[in-house]
Each structure stands twice: as C-alpha cells, then as structure tokens.
Amino acid sequence: MSKQRILIARAMFPEVIDKLAVHFEVESNQEDAPWSQEEFAKHLADKQGVFTTGSDRIDAALLSACPHLKICANMAVGYNNFDIAAMTAAGVLGTNAPGVLNETTADFGFALLMAAARRVSESEHWLRAGQWDRWRYDLFAGTDIHGSTLGIIGMGRIGQGIARRGAHGFGMQVIYHNRSQLDAATEAECKARYVGKEELLRSADHVVLVVPYTPESRHTIGAAELAMMKPTATLVNVARGGIVDDAALAAALREKRIAAAGLDVFEGEPSVHPDLLTVPNVVLTPHIASASNATRLAMANLAADNLIGFLIHGKPLTPLNLEAMASKTASAP
Ligand code: GLV
C-alpha cells in the first residue's frame, strides 16, 4: 500500500522529518519559503496531513482547495491560526501541542518581567551606545520583583507556572483573574488569590498576560485598562498578539502612565507597531517564549506524533475538535 502524503509547512528539525518519513511520503518546506495562502494550498492540495506552526493559517478557502486533508497538527499550544469551525465542517481534525512548553514559557514570562521591571534591555542599549561614564545613585533604577504583588490574567498551566515562580521563588503576593476560579488545592499550590479584573489591574505591581486569543479576549488590555494600572507597574504579554492594544500600550509607556512592559507577541506580527520600536521602556522579543532547544523539539515531536497517531493508528494524542467532528457525523442525515 502506498504511503499517505503529508506536508511540513515550515523548516523543521531534521530528526522530526526523518521520523515522519518512516510513515509518510513527506514534502517539507525546509528552505522556509514564505508561501502565500494560494501557494500553501497548492502544496497541500494532494496531502492527507499537514504539520503547521502558529503562523500557518488554516481557513475555509484553504480547506476547500485540499479535498484529501484529514488532519492539521499544530506545533503550538495556541491555535488561533486554525478556523476550527471550518475544519470541523470539512471533517478535518486539528491538534495542538499542550503541556510540553508550560515550564519553559513560564521561565520566559519571568525573564521578560525581570528584564522590563529592572530595565535590563534599556540599560544594556545605553551602555553599548557608549553612554556610561559614571555611577549614579538613580541610574536605571527600576521596580522590585521580590515581595511585590503579581497579577496574572489567564491561569491555565503556564499562568500557574508563573504564579509558582512568583510565590515560591520571589515571595510575591499572587492574585489572578481567569474565566473560572481554580480549585482550592491548585490555588494553595500556587499561593494565588482569585480577584476581579479591575481589582487585579488596580492593585498589581506587575501584570502578566497568559490568556488564549479569542474574539472575546482581543484587547483585554486597552487604554481603559492601562489607565487603571499603577504608574510604577510592569505589563508582560506572553500570550498572543492582539490581547493588548499595542498602540494604546506604546502611548502609555511613552507618557510613563505605566513604567515598563515586556512583549513576546504582537498584533500583526512579525510586524511590530512602530511606536513600540521607539519607546525605550519596553523589552521586545520575537515570539520565543517556548524557544528552548529541548522544548521546541518536544513540541515538534508532539505534532509529529499527532500525525502518526491519527493517520496511522486512528488515535491522535491531543485533538481539538474530535468530539465536534463525531457529533457532526452522528447528526448527519
Ligand atoms: C506559542 O506561542 C504557542 O502557542 O505554542
């Protein structure tokens, strides 16, 4: 029997390509060519499966050009690049890569928080520009992390990792806001207290965002929310671009209405709002919160195992819309 065909939409670890090639006829975009949606559809038209990253969009137009497609395996925990309703309607399974990146991403959330609040990037740029000629009592004085109040919006597994680091490592008081309150045991483990969003914004010294992107979570932080924050506060976004109104944030940073920010994700990335590029009190990184070598490999292996699990064994590991697909089949006339 001939092998099923899959596409790897972006450059990928050679060992993961080799593992997939044992089971499938593999086409891979190893040169990382930036495909338009039309080019993507052409490469995918005869494939049963696709390995995607969070920057590869699966939408109704693409699906209609790919009649053989059965599964899209995302090498990301977030999947706002998938139109899940269109995929379910087309009978295409989506999978994501949860679990394996929690601690690495929580580490990075903390790295951004520390770098922003203690002005690490800003002072390094200044030093490299040759401006350091003497010690001063107030040189790049920032805001303390230890003993301060950490507000986390989005208390899933990554948010909980950030809470544990803050509470146990830095003696922070942790407050959080989430769609639903966590059970008492998890709250105790994270030493975290549930509060309303407004209370969180008004009382936190540092606010970290870890909510998934949905139409409802768009601009969770806009001008009104920024106005509630302390002028000494730090804002960190390791969630998704669009959770923060980047133009409003740049204005708040420029006018020192909040002290600092650390951003790993942006509205319209890889473009970055030009105003963010000119304000000094923001640390900017190119969507690398999960990018340790070990974690990126684990994410890639999980996406590959979802393709093998589903197309070869009929059992995906981390499906997103399996139940929706089953109920659609059950209710079909
Ligand atoms: C990264 O942004 C992810 O969703 O895994």
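The values are calculated or read from the model by the stated rules, or taken from the named source; none is laboratory data. Treat the numbers as computed from the prediction; the structure is a model and nothing was measured. Note: ideal-geometry Cβ built from the backbone for every residue, glycine included; neighbour counts use all protein chains shown. Areas reflect the complete protein model, heavy atoms only, side chains present, ligands, DNA and RNA absent. Shrake-Rupley method; radii C 1.70, N 1.55, O 1.52, S 1.80 Å.
Observations
- Summed over region 44-75, the residues that are assigned to a loop (DSSP other than H, G, I, E, B) and more than 15 Å from residue 305 (Cβ to Cβ) give a count of 16.
Let's see how each residue does on (1) touching a Leu at 6+ places or on another chain (Cβ under 9 Å); (2) farther than 22 Å from residue 99 by Cα; (3) surrounded by 22 or more Cβ atoms within 10 Å (Cβ to Cβ); (4) outside the structural domain of residue 216 (by TED's automatic domain parsing):
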{"residue": "112", "(1), (2), (3), (4)": "yes, no, yes, no"}
{"residue": "167", "(1), (2), (3), (4)": "yes, no, no, no"}
{"residue": "176", "(1), (2), (3), (4)": "yes, no, yes, no"}
{"residue": "185", "(1), (2), (3), (4)": "no, no, no, no"}
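Quick grid of which residues meet (1) β-branched (Val, Ile, Thr); (2) under 24 Å from the mean Cα position of the chain (by Cα); (3) under 18 Å from residue 68 (Cα atoms):
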| position | (1), (2), (3) |
| --- | --- |
| 9 | no, yes, yes |
| 13 | no, yes, no |
| 18 | no, no, no |
| 23 | no, no, yes |
| 29 | no, yes, no |
| 35 | no, yes, no |
| 41 | no, no, yes |
| 47 | no, no, yes |
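- Among the conditions (1) surrounded by fewer than 18 Cβ atoms within 10 Å (Cβ to Cβ); (2) under 16 Å from residue 74 (Cα atoms), residue 331 misses just one, which is (2).
- Selected residue (only one of 83, 46, 56 is open to solvent by 50 Å² or more (accessible area, probe 1.4 Å), touching a Cys at 6+ places or on another chain (Cβ under 9 Å), free of Cβ contacts under 8 Å to residues at least 60 places away in the same chain and outside the structural domain of residue 165 (by TED's automatic domain parsing)): 46
- Residues of region 87-104 satisfying the condition of being part of a helix (DSSP H, G or I) and either of a type in the set (Asp, Glu) or open to solvent by less than 10 Å² (accessible area, probe 1.4 Å) (or both): 87, 103
- Residue list for region 135-165, filter: on the phi < 0 side of the Ramachandran plot, of a type outside the set (A, V, I, L, M) and surrounded by fewer than 13 Cβ atoms within 10 Å (Cβ to Cβ): 135, 136, 137, 138, 146
- Qualifying residue in region 34-54 (condition: in contact with a Pro (Cβ under 9 Å, 6 or more places away or on another chain) and under 29 Å from residue 162 (Cβ atoms)): no
- Pairs meeting the criteria (first residue in region 182-199 and touching a residue at least 12 places away in the same chain (Cβ under 8 Å), second residue β-branched (Val, Ile, Thr) and exposed (fewer than 15 other Cβ atoms within 10 Å of the Cβ), beta carbons under 9 Å, at least 6 apart or on different chains) are 192/186.
- Candidates are the residues of region 108-127 that are in contact with a Ser or Thr (Cβ under 8 Å, 6 or more places away or on another chain) and assigned to a helix (DSSP H, G or I); the one that is farthest from the ligand (Cβ to nearest atom) is 117.
- Subset tally (residues that are buried (at least 18 other Cβ atoms within 10 Å of the Cβ) and not aromatic (Phe, Trp, Tyr)) for region 20-32: 4
- The strands (runs of 3 or more DSSP E) found wholly in region 213-317 and carrying at least 1 residues that are open to solvent by less than 20 Å² (accessible area, probe 1.4 Å), more than 13 Å from the ligand (Cβ to nearest atom) and of a type in the set (S, T, N, Q) occupy 234-237.
- Selection of region 41-71 for residues being in contact with a helix residue (DSSP H, G or I) (Cβ under 8 Å, 6 or more places away or on another chain), over 12 Å from residue 90 (Cα atoms) and among the hydrophobic types (A, V, I, L, M, F, W, C) yields 41, 44, 50, 51.
- Members of region 46-84 that are within 16 Å of the ligand (Cβ to nearest atom) and charged (D, E, K, R): 56, 57
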